[in-house]
């Protein structure tokens, strides 16, 4: 067995090991702060997108109340798409020129379906909100609409997708 009698380098090795631990701890804290900041920004952007979409929902419901298939009170309707108002879904393919199939009128499996085949579109500053009526059923004193809205930030990738069931009574 070899016994080392000089211990002059042990303080240096201990100091280097402690320095390495401090650097690792500092990097972990920095990563945590960076991740938290990124997460906070994502939540802020999502909340802004959600609020724009909610505003679009209020405007869309307002235009549903004041329009019918012969009179669009809101210029944000996509041309020809007002034919879906106050008509049962099964009639859309026969009365709406843009609907070659009922599936095209009602597709909603992805936000892109709502954006690409929107019935209504409105800009809110740096956000655009798209709305699409998915289903409509008449009953004795009104209609029940199922529609979806997608709010998209014009400058980033943020988007919000919400579904609404609305009962319109006469």
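Could you list, ordered by first residue, the pairs with Cβ atoms under 8 Å in which the first is in segment 97-126 and without any contact (Cβ under 8 Å) to a residue 24 or more places away in the chain and the second is loosely packed, with under 12 Cβ neighbours inside 10 Å and assigned to a helix (DSSP H, G or I), at least 6 apart or interchain?
From segment 97-126, the pairs are 102/90.
Testing residue 105 on (1) crowded, with 16+ Cβ neighbours inside 10 Å; (2) assigned to a strand (DSSP E or B); (3) more than 20 Å from the chain's Cα centre (by Cα), one condition comes back false. Which one is that?
(2)
Just to verify a result, which residue in segment 108-120, among those that are assigned to a loop (DSSP other than H, G, I, E, B) and crowded, with 18+ Cβ neighbours inside 10 Å, is modelled with the lowest pLDDT?
Keep residues of segment 108-120 that are assigned to a loop (DSSP other than H, G, I, E, B), which gives 108-110, 117-119.
After this cut, where a residue has to be crowded, with 18+ Cβ neighbours inside 10 Å as well, the list is 108, 117-119.
Values: 108: 77, 117: 86, 118: 90, 119: 90.
The extreme case among them is 108.
Among the candidates 165, 129, 150, single out the residue that is over 18 Å from residue 44 (Cβ atoms), in a strand (DSSP E or B) and free of Cβ contacts under 8 Å to residues at least 24 places away in the same chain.
When all the criteria are applied, what remains is 165.
Here's the yes/no breakdown for (1) more than 16 Å from the chain's Cα centre (by Cα); (2) on the phi < 0 side of the Ramachandran plot; (3) modelled with pLDDT of 90 or more:
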| residue | (1), (2), (3) |
| --- | --- |
| 83 | yes, yes, no |
| 96 | yes, yes, no |
| 99 | yes, yes, no |
| 122 | no, yes, yes |
| 128 | no, yes, yes |
| 142 | yes, no, no |
| 150 | no, yes, yes |
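Out of curiosity, is residue 50 in contact (Cβ under 8 Å) with a residue 40 or more places away in the chain, in a helix (DSSP H, G or I), within 22 Å of the chain's Cα centre (by Cα) and surrounded by fewer than 18 Cβ atoms within 10 Å (Cβ to Cβ)?
Yes, satisfied.
Which number in (1) crowded, with 21+ Cβ neighbours inside 10 Å; (2) closer than 23 Å to residue 80 by Cβ marks the one condition that residue 96 misses?
(1)
Could you check residue 60 against (1) over 20 Å from residue 164 (Cβ atoms); (2) part of a helix (DSSP H, G or I) and say which number it fails?
For residue 60, the failing item is (1).
Please determine whether any residue of segment 68-79 is touching a helix residue (DSSP H, G or I) at 6+ places or on another chain (Cβ under 7 Å), modelled with pLDDT under 85 and in a helix (DSSP H, G or I).
no
Among 82, 115, 162, 133, which is the only one that is touching a strand residue (DSSP E or B) at 6+ places or on another chain (Cβ under 7 Å) and over 30 Å from residue 38 (Cα atoms)? First the steps, then the outcome.
Details: 82 fails: touching a strand residue (DSSP E or B) at 6+ places or on another chain (Cβ under 7 Å); 115 fails: over 30 Å from residue 38 (Cα atoms); 162 fails: over 30 Å from residue 38 (Cα atoms).
Just one listed residue meets the conditions, 133.
The values are calculated or read from the model by the stated rules, or taken from the named source; none is laboratory data. None of these values were measured; they are calculated from a predicted model. Neighbour counts are summed over all protein chains in view; Cβ atoms, including those assigned to glycine, are modelled from backbone coordinates with ideal geometry.
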